[in-house]
């Protein structure tokens, strides 16, 4: 059976992200475009016009801007029309509410179909804004279903405590809070009834929560005051973005965000780390190791394959095929496949472990012994770097 | 500039000087602009004056009226003036006063031909050799006719009076000149001193006109004509008249010595070089000529005037010196004030117009050797949360009289009010509002005390796990550590699992070798020796396992709250079993630590703040290696912005600082946005590099896999990830052991890892870094 045609309408920002994961190099993409066409008259004078037309291109590269949810696909024109000659280059901008037709070169594989299925699912979880902070540093980010978007990083130098100058520090902290709040309001609507995560080591987040409420009271911002029960103060060990992992683990957040995709993904990674720490030969990471484990049947029923979706975005067709093949094998063998979003913190953690990891059904030793040349040949930065 | 600012910047002296041009208004108007009433009054007064004047004078009505107008109908003065001016023939004054004499000098032009308009100077000098102009060809300068200085009128017939403001200015200027001279700044000043014509003037024979010496009256050397003010203002005049005594004093013959100070600026070094003649040959010169007195007087300036600091430098140095003391700088000269007024308008543009401090070019290391003072040692106080670190240190400072009784009493009262009376001593160090409210130390507190041998800096670290980054910052500055352990039942056990262990491992991995273990709160277990021994054995076992040498560990039973065995021996009878040294005695035994003085400068910024009005941007931190001095140019990394050391402080202003010292640096030439806490100041000659990736040999505290981590180095705190585990190393030999690319490193193992950072930061081998993740220290080690 082949899927010939399916209509997908993009409704929110995550659509572009799905498209980004769907469209691979070598695919043919057809979409409407605006192109500047220059015509030269017989006398040599030129005349340029912007023309709306539909263009088909053979994709050569993609770029995704998470901040504005825009996907730019560039490639060579494969279908000539009155304005655009064959072979000329064009970059298509895929935005909200813009239709496109995608033709896969080698047909639609299972992962791609899963992605489509995933992308048209109706029950979407909302966006959760979070402020990860420590004294003098705040990262304002949006946790969406498939990605964590860092909106703004705020850095303010706060004078440290010095004897006889306690006031300087308090004043600096106030200035810092004011800056963070101002930035937060610019990027995020915090009056919406959804959780706002405030995370920090020590008392910074609690202080910030207090500051927001006191500011709202001072300025008489009723909408903000009404939403104050949604401000969630969580502990994190630092103000850097990767502390989100820790935040996702906290019971307060889990209670609110249970069953969201990113909370689940975080859970997978934690499970894997716990297994890895036991070092009993059941947890493995690295491309060659996992492949070998799959070969030996370690990823049967009960086994879990964690794989980063960035691997499917590989520019080379062969690489993608390799991973799609692995996914199909594991699924066929009754194992579980969990595709993690590389744009989430959990995905980043997996990326550190070379993007693919597995929890095996039975212990296997020495999977890495003979795999050295193999791993080195991967070309994914695994070779030893010497400074 | 706002109106307000204009008024603020207004300088009265200046304004009055400028006012010269405006003098004419009233005068000119006297003829035509007089109102009816004035004319009537003038007429009446003229009659009275006529009556008052002695007969026989041929004074016109116009003269009388002019004088009246000038004195604003003060009949008495008008009469005096008129009698003096028109009735008594002016006689030669005996005083060598400036104004009169000047006139004499000028008039004696000695028959030389004045130049005509079409005269060609080129032709005139065509046949004369360079710098040897024949005397008859030397030109004669004719000074412009200045009105005599001081106020007009008055009853005295001496030299012109000075106004009060003038007198004030004179006094000030004289004082300043004296100050400058007294600075004793050598070579350049000397020839200048010889330029001072005052001596000659004052010793010159009063019969001026025919002297062979050129006795140059001062007034004409002043660029601006002397101030004359509209004296029609009665408010100004009244007090003058009521102080005849002072006027009299001013008109005494000593006046000329004072007046020159008013009018004569010292020649600049530039002028000095320009006009000092190359040879000592005295050229023939004409008597009575108004020539450039400078050229004639300094015939022997052989010293190189640029050898020493220029007068400008001296002034700047003096100013910055004064600024460093927090006092007011030298009174500004008029020129500077003018510049300031303009500058204040430009201030909105945020241009840095602060003058750079001049380097003294000291050999800092030599200075350091010379200034062999006390040993200095920094120690960090570590331990589990609520072990009593801050209280112990508060007690130490109190017992050593660093903190006075009154302060402690105040803290006690405030603490009681908050229901935390036992925290009073800790408040000596916990000064933050949040720290006091919550009763925990949040950030490192530094404090100083001195014993006979050593001056110590305490770095009181927070014990709470959330503030370990701050503790790392403190530990990175320490030479040795005091580990505080809570001996009370249950607390010791939980502490050993908690931060007691982590802190000890951290200080060890940051290079601290010596550890003093203060077993605190022994009073709560009634000074049980068994408890002390039990704790000592357990802690010692753990510490030796962590890599401390047992000879570098000292145990002291003590009570921070009560003060036993801290500065004094315990007086408790239960504690009599302990006869060892007190904490202070043990601290005093510490050996000085070698400093990396000769290495290139590295200073990690620990704090950025506004150091006061004169120092808008100051940083503090510990110099890790090298030295710096006032005026040095520095490079701030990672922003790679250049800046200058305006001044330095180590408790008090100093000229230099060396490695190991905690110093406050006032910077100029840089904006705050280019500096962050954790940045490094280094020498531009040998800067520290910004790196994004490094290899390190680390000791694992927890399981390490390739993962995301926080990288700490002192105050530097940045995010990164372990990119790769290169190898597991043998603990003792450092050789590669085991598998080539291990998947995971277990706690206690040593591994070589590659760390990639999110942002490039200044780091260099052999720096010590601490790697943390999820609130736990996962590893610590050395950069390779």
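All of the numbers you see were taken from the coordinates with simple rules; none came from a lab. Every value quoted in this text rests on a predicted model; they were computed, and no experiment measured them. Backbone-built Cβ (ideal geometry, glycine too); neighbour counts: all protein chains shown.
Shielding value for A:235-241 is 6, the average number of Cβ atoms from other chains within 10 Å of each residue's Cβ.
Ranking request for peptides A:107-117, B:438-448, B:66-76: highest mean number of other beta-carbon atoms within 10 Å first, then the rest in descending order.
Details: A:107-117: 15.7, B:438-448: 21.5, B:66-76: 19.3.
My ranking of the peptides, most packed first, is B:438-448, B:66-76, A:107-117.
Once the C-beta distance of residue B:405 and residue B:438 is scaled by a Förster radius of 30 Å, the resulting FRET efficiency is 0.70 to the nearest 0.05.
What FRET efficiency do you get for residue A:270 and residue A:68 if R0 is 30 Å and r is their Cβ-Cβ distance, rounded to the nearest 0.05?
Working: r = 32 Å, r/R0 = 1.07.
According to the calculation, E is roughly 0.40.
Using the Kirkwood formula over every pair of different C-alpha atoms, what hydrodynamic radius in Å results for the range B:602-682? Let's see the in-between values first.
Working: mean 1/r = 0.0829 Å⁻¹.
Computed over Cα pairs of the range B:602-682, the Kirkwood hydrodynamic radius comes out at 12.1 Å.
What average count of beta carbons from other chains do you get within 10 Å of the Cβ of residues in A:171-177? Display every interim value, and only then the final one.
Working: counts 0, 3, 3, 0, 0, 0, 0.
Rounded to a whole number, the mean comes out at 1.
What's the whole-number percent of alpha carbon pairs in the range A:121-229 lying beyond 16 angstrom? Summing the P(r) tail past 16 Å for the range A:121-229 gives 61 percent.
Taking R0 as 35 Å, what's the FRET efficiency between residue B:36 and residue B:83 from their Cβ-Cβ distance, rounded to 0.05? Display every interim value, and only then the final one.
On the way: r = 30 Å, r/R0 = 0.85.
Result of the calculation: an efficiency of 0.75.
Working ranking of peptides A:100-106, B:707-713, A:25-31 by packing, defined as the average number of other Cβ atoms within 10 Å per residue, highest first, is B:707-713, A:25-31, A:100-106. The mean sequence separation of alpha-carbon pairs under 8 Å and at least six residues apart, normalised by the residue count of the range A:136-257, gives a relative contact order of 21 percent.
Computed across chain A, the Kirkwood radius stands at 23.9 Å (inverse of mean 1/r, all Cα pairs).
Over the C-alpha atoms of the range B:690-783, the Rg to Rh ratio, Rh being the Kirkwood estimate, stands at 0.94. Counting Cβ atoms of other protein chains within 10 Å of each residue's Cβ and taking the mean over peptide B:700-712 gives 4. The Rg/Rh ratio of the range B:384-588, with both radii computed over alpha carbons and Rh defined as the Kirkwood radius, is 0.93.
Based on the mean of other Cβ atoms within 10 Å per residue, sort peptides B:574-583, B:418-427 so the most packed one is first.
Details: B:574-583: 15.9, B:418-427: 18.2.
Ranking the peptides B:574-583, B:418-427 by packing returns B:418-427, B:574-583.
Let me check I have the definition right: for the range A:14-119, take the eigenvalues of the Cα gyration tensor, multiply each by 5, take square roots. What are those semi-axes in whole Å, largest first?
30, 15, 10
Spatial offset of the range A:181-244 relative to the range B:421-465 amounts to 31 Å, using the alpha carbon center of each.
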